[in-house]
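Below: the structure, in structure tokens.
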Amino acid sequence: MKFSDIGLSKDICKALADKGYETPTPVQEQAIPIILKGKDIIGSAQTGTGKTAAFALPVIHLLKKHKRTRCLVLTPTRELAIQIQEQFVAYSKFTNLQVALIYGGVGYGAQRKALKDKADVVVGTPGRLLDHIFQGTLKLDEIEILILDEVDRMLDMGFIEDVQKIVNKCPKDRQTLLFSATVPDVVKRMAKWAQRDPEEVVIGQRVSAADTVDHSIYPVSSIQKFDLLIQFLEQWDYQSVLIFTRTRVGADRIARWAKQIGHNVQTMHSDMPQRMRQKALADFKSGATEILIATDIASRGLDIAGVSHVLNYDVPQHAEDYVHRIGRTGRANSTGEAFTLMGSDEVADVHRIERYIGQEIPRRKLEGFPYRYEPNLGKTQRRKKRNR
Ligand code: AMP
């Protein structure tokens, strides 16, 4: 199937050709026709499936040309907001539609101007959007399409009341598109409240590790984690490595050590000013930095193309974050590798992840690494013994 077969305008198809997209992804094939018909949708798709374009393309088609603010996109983090805005801008480059980006931590001036010019699409995070609504700089009474993106994450982050307030400000006869990586009961309740008879689009399993990622666990004592990381970096033929840590302090510490021995590293976490976070991300995307060390702020939805290796320095506490973290590699049909270093105090966390994804993650050891304690690679055997 081609994009033109789904009924998207020539301007959009031209922009897609410029981006090098040839065919719609499965979520796009399913979602775009439903959205073009004006129906509500509840979509659960794995990250990296082309979800953003699945809503941005039909919205651009429906809005056609610049008039006034008719589409609002709510998303949990600033990084995601930036990414969505960038995609809207790229796909609408042969139209005169305007897209505004609204998030906190930066000045109000440019945002006020974009809203005064009645940007057709407003993409933003809940807190700052509410500020603008209360200040009267953003009016939602002409919203035709409301998009709630990464709803599970927004609820996890405690935005439920803000989201409800914003939804209540939109006209009732709007079209509402809801996307969520997982659809627990709380998201279903939100959908029931905010939507009208939505069609469901589910791509692949709701919970699964990306098929294109080879992921494995490396048991190692905590005091040797950094040495093992360095050994990996020496052995890999990498272009870009994303390292996840549990804590901000941990991210800074590893970055400091890695810099000391000459690695090209930056960190990204929520203690840093927005400007620095954006710079770290931009440098990593452009290849200026080869290694980015991040807390889970970067694991969800962030579109970082071409990450060759993901390394979990710590096992994520939330099983769901594992799927998101390793989903940063192996995107858009390229294969990637994900490595998780597991200290002896993290075994239970790994078991939880394995139960969540419904598969055992292979244990491996790095040949030639001077392990202080021989790593235990035989999880299954150990369990059988216990059951006897
Ligand atoms: P998303 O799931 O929205 O984060 O998108 C993942 C990546 O796939 C982004 O880099 C998109 O630009 C890219 N992408 C989206 N749709 C297509 C497509 N039809 N063909 C190729 N790449 C795409």
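When the helices (runs of 4 or more DSSP H) confined to the range 3-76 are screened for residues that are under 26 Å from Cys170 (Cα atoms) and within 13 Å of the ligand (Cβ to nearest atom), those reaching at least 2 such residues are found at 26-36, 51-63. When the range 49-73 is filtered for residues that are buried (at least 24 other Cβ atoms within 10 Å of the Cβ) and either at pLDDT below 90 or hydrophobic (A, V, I, L, M, F, W, C) (or both), the ones remaining, listed by number, are Lys51, Ala53, Ala54, Phe55, Ala56, Leu57, Val59, Ile60, Cys71, Leu72, Val73. Criterion applied to Leu292, Leu366, Leu311, Leu281 was being closer than 27 Å to Arg128 by Cα, open to solvent by less than 40 Å² (accessible area, probe 1.4 Å) and modelled with pLDDT of 80 or more, and the one residue passing it is Leu281. Among all residues of the range 228-241, there is at least one that is within 17 Å of the chain's Cα centre (by Cα) and outside the structural domain of Ala54 (by TED's automatic domain parsing). I'm checking my understanding of the structure. Among residues of the range 330-346 that are surrounded by fewer than 16 Cβ atoms within 10 Å (Cβ to Cβ) and modelled with pLDDT of 85 or more, which one is nearest to Glu374 (Cα to Cα)? The selected residue is Ser344. Kindly establish whether Asp349 is open to solvent by 100 Å² or more (accessible area, probe 1.4 Å), assigned to a helix (DSSP H, G or I), at pLDDT 90 or above and of a type in the set (Asp, Glu). Against the criterion (open to solvent by 100 Å² or more (accessible area, probe 1.4 Å), assigned to a helix (DSSP H, G or I), at pLDDT 90 or above and of a type in the set (Asp, Glu)), Asp349 does not qualify.
Could you list, in sequence order, all residues of the range 52-66 that are closer than 15 Å to Gln98 by Cα and under 21 Å from the mean Cα position of the chain (by Cα)? Residues satisfying the conditions are Ala56, Leu57, Val59. Picking from residues in the range 80-115 that are under 20 Å from Phe179 (Cα atoms) and aromatic (Phe, Trp, Tyr), the one that is nearest to the ligand (Cβ to nearest atom) is Tyr91. None of Ile160, Ile133, Ile84, Ile145 is aliphatic (A, V, I, L, M), in the same structural domain as Lys10 (by TED's automatic domain parsing) and surrounded by 23 or more Cβ atoms within 10 Å (Cβ to Cβ) except Ile84.
The rows are residues; the columns are (1) of a type in the set (Val, Ile, Thr); (2) touching a residue at least 12 places away in the same chain (Cβ under 8 Å).
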position: Phe134; (1), (2): no, no
position: Lys139; (1), (2): no, yes
position: Glu144; (1), (2): no, yes
position: Val151; (1), (2): yes, yes
position: Val167; (1), (2): yes, yes
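Of the residues making up the range 12-38, those that are open to solvent by 60 Å² or more (accessible area, probe 1.4 Å) and touching a residue at least 40 places away in the same chain (Cβ under 8 Å) are Lys14, Asp18, Lys19, Pro26, Gln30.
Phe94 meets the stated requirement of being at negative phi and open to solvent by 30 Å² or more (accessible area, probe 1.4 Å).
The values are calculated or read from the model by the stated rules, or taken from the named source; none is laboratory data. Source: prediction; values computed, not measured. Counting neighbours? That spans all protein chains shown, and the Cβs are built from the backbone with ideal geometry, glycine included. The accessibility values were calculated without ligands, DNA or RNA, using every heavy atom of the protein model including side chains. Shrake-Rupley method; radii C 1.70, N 1.55, O 1.52, S 1.80 Å.
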